[in-house]
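Undergrad: Below is a structure I'd like to ask you about.
Just so it is clear, none of the values below were taken in a lab; they were calculated from the coordinates. Remember, it's a predicted structure, so these values are computed and weren't measured experimentally. Neighbour counts are summed over all protein chains in view; Cβ atoms, including those assigned to glycine, are modelled from backbone coordinates with ideal geometry.
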Amino acid sequence: MENLDNNHISKKNKQFELFNSSLDTSSNLSFSNTLKVKSKTLMIWRNKIYDYQSKILANNQNDLLQQTILPEVESIDHQKIYPFSLQGLSLNFWRTNQSVHNGPAMYFVIDTMGSSQIILYIGETNSANKRWKGEHDCKNYLRNYKEALADNNLTSQQDIRFFLDVPKEAKLRRRLEQKLIYLWIPPFNKETRGRWSTTFTNN
């Protein structure tokens, strides 16, 4: 797996993240995204993520993957954690008739554009039907992302997917979450956000 690019983080005073993540993203704040993103910049950013995650998909049966996803927890069958095969639900699933298991889960926010899919965010929860319903920093990043797409007349679809065969113990779930985050490197997780940082100007 590629190393995280710490140089981006160390130069953050000279750079902006693509979706204005230098702002306070607490979900009780008013949404603000004043830095416009050009279509070419947005697509280059997205394609880099797609190219990286596609390699993980292509290698999902090899030794690299087997050694990466929590081998010390024998109760977890890492080969079952295949985010793109999970059922997609509306990001506002609690407002619909879509039912979600109310127990512990891993969840994946996935973006589909044409035939390509990328994982935007990975999280864990003790209650799948409640975690995404409440306040969540990732929701502001998603709003920025959707606005950038709309500004450039680009269309994509975001959904959320739950994997329920996870440990009941929070410590083990969090360890699994971290392994998955550093495997897939989703752009909206705080641990890996700097990996996909993009510099640009308004010119």
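Undergrad: Can you tally the net charge around Q158? Count Lys and Arg as +1, Asp and Glu as -1, for every other residue whose Cβ sits under 13 Å from the Cβ of Q158. Let's see the in-between values first.
TA: Numbers: positive: R46, K139, R143, K146, R161; negative: D111, E147, D159.
Surrounding charge for Q158 is +2.
Undergrad: For a bin width of 5 Å, list the pair-distance distribution of the stretch 145-196 built from all Cα-Cα distances, rounded to whole %.
TA: Per 5 Å bin, starting at 0, the Cα pair percentages come out as 4, 15, 17, 20, 19, 11, 7, 5, 2.
Undergrad: Hey, got a sec? Which GluC sites (Glu not before Pro) in the stretch 100-157 land in a DSSP loop and have at most 16 other Cβ atoms within 10 Å? Can you show the working numbers first?
TA: Details: sites: E124, E135, E147; in loops: E135.
Passing sites in the stretch 100-157 are E135.
Undergrad: Note down the magnitude of the dipole of the stretch 85-198 about its Cα centre, charges +1 on Lys and Arg C-beta and -1 on Asp and Glu C-beta and zero elsewhere, to the nearest 20 debye.
TA: Taking the Cα centre of the stretch 85-198 as origin, the dipole is about 360 debye.
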